[in-house]
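S.K.: Sharing a structure with you now.
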Ligand code: SAJ
């Protein structure tokens, strides 16, 4: 059996490598020539623990190779981006391009699985695109039990930073267009998945993935709303949550600077855009989480104005240190990071007065350096700054023996020094 993985990004490359590590021939396809060349050298173009080891081993043993043009295979796994365009409408153009690219190499009996997180109906749409793009058949059958190829949706659910382990251990939801399609997909995933492969239909599988991330978004929004309420009522939200969580049926998540990453802050919109009238709570949760960075920046401004009113310092004397710019703890990923957004907001207002402490990166992105932001050490930040803005609970910050007397002016969005 040969497997082809279309899209060699954060999901596709680890998936390809894990199948290849089971001694299956895997051909990875990507439009990015640089990614293809890097992988063929046994190296990786993305950051994910342990991925480099698996890719190096599988490429050198000949089980994994990459190319820019699709080749015939028995199963095709599609792991391309599904971002949203304006108005929060999902953009399925990468799925359409992938369908067009593989259509000419498909043969009877092949399996095509959509792994990308997708709005409800995307798998059905993909099978229509596949049918339309197949020149070899007079009556391409991609629907129903009579179909000559098998189509299914099996959403990825791995947590960045733990992808290699979770790809093997997590349960998988498999939604085929027909029960034959589901069974064929289960047989494939069983090659490397040790978790359970649970069968449903394609629409339910699509909605299951969106539901998982929306559930988390709504829960985090509840925590973020509590943090804003508690600030107004002069209550420590961290103490409040830990007390409430002592109830046997209460489990509140942690507030923070907002919700980042490319999944939890995106996927709920796929539900909202399809059912705007009905998805009220899901929509509001998105607005609460997206509003948190501006609220934090406002809180910092108030703190600065208090310092100016109670000391001899002027606005332009104030030095601000932002602790953490990654989208979550102990990673170097700055994409869709609320901590980065807050730092940018502050840097625009207080040009040349903002520094960053970020133990996971060596260089600041241009969006910050062009605003005069510099990268400094934790110790320097504490001695030089007038205001500390704690944005990410990195292990280095949690381990630091911070004393309240050391720095009075702190806006702590993660509650580790407050
Ligand atoms: N966050 C909080 N408070 C919390 C937990 C998280 O503010 O109590 C924030 C984080 O700081 C971060 C954001 O939420 O900014 C998201 O982080 P995360 O670690 O919860 O999730 P992701 O985005 O890294 O990965 C999620 C996972 N989904 C779920 O846990 C339901 C992962 O399993 C999915 O595969 C991934 O999205 C995806 O690709 O969809």
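The values are calculated or read from the model by the stated rules, or taken from the named source; none is laboratory data. Because the structure is a prediction, the values reported are computed rather than measured. Cβ atoms come from the backbone with ideal geometry, glycine included; neighbour counts cover every protein chain shown.
S.K.: Between 287, 253, 243, 210, which is out of contact with any strand residue (DSSP E or B) (no Cβ under 9 Å at 6 or more places or on another chain), more than 26 Å from residue 346 (Cα to Cα) and more than 13 Å from the ligand (Cβ to nearest atom)?
M.R.: None of the others qualify; the one that does is 243.
S.K.: When the residues of segment 147-167 are filtered to those that are on the phi < 0 side of the Ramachandran plot, within 12 Å of the ligand (Cβ to nearest atom) and assigned to a loop (DSSP other than H, G, I, E, B), which remaining residue is surrounded by the fewest Cβ atoms within 10 Å (Cβ to Cβ)?
M.R.: Checking each candidate, the answer is 159.
S.K.: Tally up the residues in segment 316-333 that are surrounded by fewer than 20 Cβ atoms within 10 Å (Cβ to Cβ), under 23 Å from residue 301 (Cβ atoms) and within 11 Å of the ligand (Cβ to nearest atom), please.
M.R.: Here the count works out to 0.
S.K.: I've got another one for you. I need the full set of residues from segment 262-278 which are surrounded by fewer than 19 Cβ atoms within 10 Å (Cβ to Cβ) and either within 12 Å of the ligand (Cβ to nearest atom) or assigned to a loop (DSSP other than H, G, I, E, B) (or both), in order please.
M.R.: 262, 275, 276, 277, 278
Residues are listed down the side, and each one gets a yes or a no for (1) under 19 Å from the mean Cα position of the chain (by Cα); (2) outside the structural domain of residue 115 (by TED's automatic domain parsing); (3) in contact (Cβ under 8 Å) with a residue 40 or more places away in the chain; (4) not in a strand (DSSP E or B):
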site: 10; (1), (2), (3), (4): yes, no, yes, yes
site: 23; (1), (2), (3), (4): no, no, yes, yes
site: 28; (1), (2), (3), (4): no, no, no, no
site: 45; (1), (2), (3), (4): yes, no, no, yes
site: 56; (1), (2), (3), (4): no, no, no, yes
site: 69; (1), (2), (3), (4): no, no, yes, yes
site: 73; (1), (2), (3), (4): no, no, yes, yes
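S.K.: A further question on this structure: Can you tell me which residues in segment 334-359 are closer than 30 Å to residue 9 by Cβ, more than 14 Å from the ligand (Cβ to nearest atom) and out of contact with any strand residue (DSSP E or B) (no Cβ under 6 Å at 6 or more places or on another chain)?
M.R.: 344, 345, 358, 359
S.K.: Against the definition (on the phi > 0 side of the Ramachandran plot, modelled with pLDDT of 95 or more and either more than 8 Å from the ligand (Cβ to nearest atom) or not assigned by TED's automatic domain parsing to the domain that holds residue 114 (or both)), how does residue 217 come out, yes or no?
M.R.: No: the conditions fail for residue 217.
S.K.: Condition check: under 14 Å from residue 5 (Cα atoms), in the same structural domain as residue 173 (by TED's automatic domain parsing) and within 16 Å of the ligand (Cβ to nearest atom). Does residue 90 satisfy that?
M.R.: So residue 90 does not fit the description; no.
S.K.: Given the options 300, 296, name the one that is within 20 Å of residue 237 (Cβ to Cβ), in contact with a strand residue (DSSP E or B) (Cβ under 9 Å, 6 or more places away or on another chain), at pLDDT 95 or above and within 16 Å of the ligand (Cβ to nearest atom).
M.R.: Selected residue: 296, the only one of 300, 296 that is within 20 Å of residue 237 (Cβ to Cβ), in contact with a strand residue (DSSP E or B) (Cβ under 9 Å, 6 or more places away or on another chain), at pLDDT 95 or above and within 16 Å of the ligand (Cβ to nearest atom).
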